[in-house]
DNA sequence: TCAAGATGCGCG
DNA sequence: AAAGCGCGCATCTTGA
């Protein structure tokens with residue numbers, strides 16, 4: 001066994017081969033979720049596919065076949081003989097192919113939706129200034145002035161009509177046109193990607209697609225006993241807190257920001273927070289703010305004010321936990337045996353990191369359907385997750401200080417590198433020392449001696465530590481003292497970010513060292529020197545290299561290595577959250593898990609970045625933290641820093 | 001009455 | 001007028 005050739009070669013030019021298959025499915029959507037393969041009850045209706053000229057079975061026309069997942073052996077053979085598979089939104093096609101029996105580890109896709117997303121850089125996401133550019137197949141074709149779809153069938157599908165109830169010749173015509181459009185789109189994109197040196201980016205994104213397709217089938221598993229206990233506890237708290245809140249407010253709807261504002265500012269007479277000029281800090285539309293952050297900053301003096309602040313903080317957290325998580329969890333445990341799924345979206349974010357969406361689920365116990373995505377689960381609820389297999393462990397690997405290290409690399413910042421390598425460096429104590437105007441060494445000493453005051457200072461400083469990394473420069477005097485100190489301390493990084501801003505002002509775009517292009521068509525500098533996109537420009541390259549390149553590379557290497565070593569029945573990937581990977585692991589495979597984590601998240605990344613992007617990531621080491629426990633987030637973290645040359649530190653100590 | 005917008009809050 | 005970035009979901013408000 002060995003890694004598949006396309007991964008071993010680390011060469012995106014495989015996409016220049018004409019030995020490919022273009023595929024589109026039409027599925028029975030009667031069970032919802034747009035006919036997702038996750039639902040056992042959903043089924044395939046029709047598959048249409050076309051082979052590239054270099055394929056050994058090239059026929060020159062499109063094959064269409066009505067049938068179920070057991071009827072596509074010929075297609076599977078064609079895909080196995082091809083260098084890659086082309087599809088628009090390929091994760092969908094792949095998940096059905098998995099049900100047909102295809103080995104996803106051996107399959108490389110080229111996703112035309114992802115390629116369009118790469119060509120658009122950040123512009124597919126959209127922001128306050130600009131609507132996002134659609135990457136739907138239809139819009140990709142319209143932009144190129146190609147023939148549009150049959151309007152009748154298109155309207156039917158857009159209105160959610162199940163393809164099984166559309167006349168077969170119509171739906172077949174639609175499917176075949178999609179295949180032709182997809183192939184034509186691929187060829188058009190290929191030229192654009194080659195000429196702008198961005199084919200490698202599509203390669204990276206699409207290598208992840210296979211791993212995600214596999215991971216989405218897994219879902220995450222809840223510990224029924226813990227969920228029940230937590231739910232009852234929160235429900236009881238909710239009742240008690242609601243009673244107290246009603247008594248205090250006379251029964252306002254505390255979930256309404258308008259009613260909260262009236263009560264806070266008109267009844268309790270809180271003074272609104274103001275900016276330095278005296279103007280009140282308001283919401284975007286000019287309404288009075290009632291959020292948690294504001295509440296923490298308001299000066300509560302009367303007993304009623306104090307009670308409201310404390311009650312609202314608790315009730316808000318408890319209420320949110322119930323409506324956004326625990327009700328879903330208890331429904332999942334009671335009605336779905338504890339297992340639930342979510343999707344990973346590859347073409348949503350401006351920085352090309354993943355996003356996640358929940359899957360609409362109707363529970364008998366609750367009126368409204370609910371959904372829970374995988375990337376914002378409250379940390380306190382991670383302990384509710386366990387393995388679906390008795391005796392297995394939950395293992396998590398995350399990239400140590402990932403964005404800071406990536407920033408150090410991008411800025412080739414010597415001070416940042418020294419700090420990363422220095423065991424006596426503590427980022428939050430550094431920001432605390434600057435804000436309090438204290439000596440860092442003294443604070444460190446006191447912190448290590450368990451000084452409570454220093455511990456509090458450090459805790460409070462946490463939210464400020466990396467704000468200046470992303471362009472934050474305003475705030476209180478103390479905050480601004482730190483922001484200024486940060487810019488001076490990490491002067492190379494700051495200079496690099498200034499350079500990015502200059503490039504954007506001159507060209508309206510930023511070309512990163514790995515080739516991804518960001519565009520800010522509306523970038524401008526005011527007469528006071530204020531640059532409207534400065535903070536986004538400072539942030540995007542860091543966030544993107546860290547969580548859209550390095551971690552995805554690590555995840556697909558991890559996934560392939562697990563298969564490569566025959567461990568696929570003992571290590572199951574279940575989730576990935578920006579800088580981390582979460583797996584369910586058989587107790588016999590824990591050491592394998594650690595070893596593969598270390599390799600995939602460091603050495604494999606170095607090699608891939610160099611081979612595919614020509615980026616030599618040798619300025620600072622990458623590191624991983626590995627946590628193993630019976631439940632998610634439980635267990636001691638082990639840390640490994642692995643340098644470009646292979647030198648390894650285990651919990652800060654040189655390892656063999 | 002219903003969809004879109006606003007607000008708030010969870011995560012990295 | 002001031003502003004760290006990136007998301008998705010629940011709830012309330014707004015406006016046609």
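The table for this structure:
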quantity: Residue match in the stretch A:504-520 (condition: modelled with pLDDT of 95 or more, assigned to a helix (DSSP H, G or I), within 16 Å of DNA strand C (Cβ to nearest atom) and over 19 Å from residue A:403 (Cα atoms)); calculated: yes
quantity: Given (1) touching a strand residue (DSSP E or B) at 6+ places or on another chain (Cβ under 9 Å); (2) surrounded by fewer than 17 Cβ atoms within 10 Å (Cβ to Cβ); (3) farther than 24 Å from residue A:373 by Cα, number of the condition residue A:594 does not satisfy; calculated: (2)
quantity: The stretch A:157-183, residues that are touching a helix residue (DSSP H, G or I) at 6+ places or on another chain (Cβ under 8 Å) and within 18 Å of residue A:33 (Cα to Cα); calculated: A:157, A:163
quantity: Residue within the stretch A:193-208 that is in contact with a helix residue (DSSP H, G or I) (Cβ under 8 Å, 6 or more places away or on another chain) and closer than 28 Å to residue A:629 by Cα present; calculated: yes
quantity: Candidate set from the stretch A:353-368 (those that are surrounded by fewer than 16 Cβ atoms within 10 Å (Cβ to Cβ) and within 14 Å of DNA strand B (Cβ to nearest atom)); member that is farthest from residue A:336 (Cα to Cα); calculated: A:357
quantity: Counted residues, the stretch A:382-399 - those being within 13 Å of DNA strand B (Cβ to nearest atom) and surrounded by fewer than 21 Cβ atoms within 10 Å (Cβ to Cβ); calculated: 2
quantity: Single match in A:318, A:333 (criterion: assigned by TED's automatic domain parsing to the domain that holds residue A:242, over 30 Å from residue A:269 (Cα atoms) and crowded, with 20+ Cβ neighbours inside 10 Å); calculated: A:333
quantity: 3 or more residues buried (at least 21 other Cβ atoms within 10 Å of the Cβ): qualifying helices (runs of 4 or more DSSP H) within the stretch A:404-468; calculated: A:427-436, A:452-465
quantity: Residue, surrounded by the fewest Cβ atoms within 10 Å (Cβ to Cβ), within the stretch A:243-259, restricted to residues that are in a helix (DSSP H, G or I) and touching a helix residue (DSSP H, G or I) at 6+ places or on another chain (Cβ under 7 Å); calculated: A:244
quantity: Checking residue A:621 against (1) more than 25 Å from residue A:416 (Cβ to Cβ); (2) touching a residue at least 24 places away in the same chain (Cβ under 8 Å); (3) touching a strand residue (DSSP E or B) at 6+ places or on another chain (Cβ under 8 Å), the condition it does not meet; calculated: (1)
quantity: Lone qualifier among A:262, A:304, A:240 - being within 16 Å of DNA strand C (Cβ to nearest atom) and assigned to a helix (DSSP H, G or I); calculated: A:262
quantity: Criterion violated by residue A:57 - all others in (1) exposed (fewer than 14 other Cβ atoms within 10 Å of the Cβ); (2) in a loop (DSSP other than H, G, I, E, B); (3) under 32 Å from the mean Cα position of the chain (by Cα) satisfied; calculated: (3)
quantity: The one condition in (1) on the phi < 0 side of the Ramachandran plot; (2) in contact with a helix residue (DSSP H, G or I) (Cβ under 8 Å, 6 or more places away or on another chain); (3) more than 11 Å from DNA strand B (Cβ to nearest atom) that residue A:336 fails to fulfil; calculated: (2)
quantity: Residue list for the stretch A:308-323, restricted to those being away from DNA strand C (no atom under 13 Å from the Cβ) and in contact (Cβ under 8 Å) with a residue 60 or more places away in the chain; calculated: A:308, A:311, A:312, A:314
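Conditions (1) without any contact (Cβ under 8 Å) to a residue 12 or more places away in the chain; (2) farther than 21 Å from residue A:316 by Cα; (3) surrounded by 12 or more Cβ atoms within 10 Å (Cβ to Cβ); (4) more than 9 Å from DNA strand B (Cβ to nearest atom), marked per residue:
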| site | (1), (2), (3), (4) |
| --- | --- |
| A:262 | yes, no, yes, yes |
| A:279 | yes, yes, no, yes |
| A:282 | yes, no, yes, no |
| A:289 | no, no, yes, no |
| A:297 | no, no, no, yes |
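The values are calculated or read from the model by the stated rules, or taken from the named source; none is laboratory data. Please read these numbers as outputs of a predicted model, since none were measured by experiment. Because the Cβ atoms are built from the backbone with ideal geometry, glycine has one as well, and the counts that use them run over all protein chains shown.
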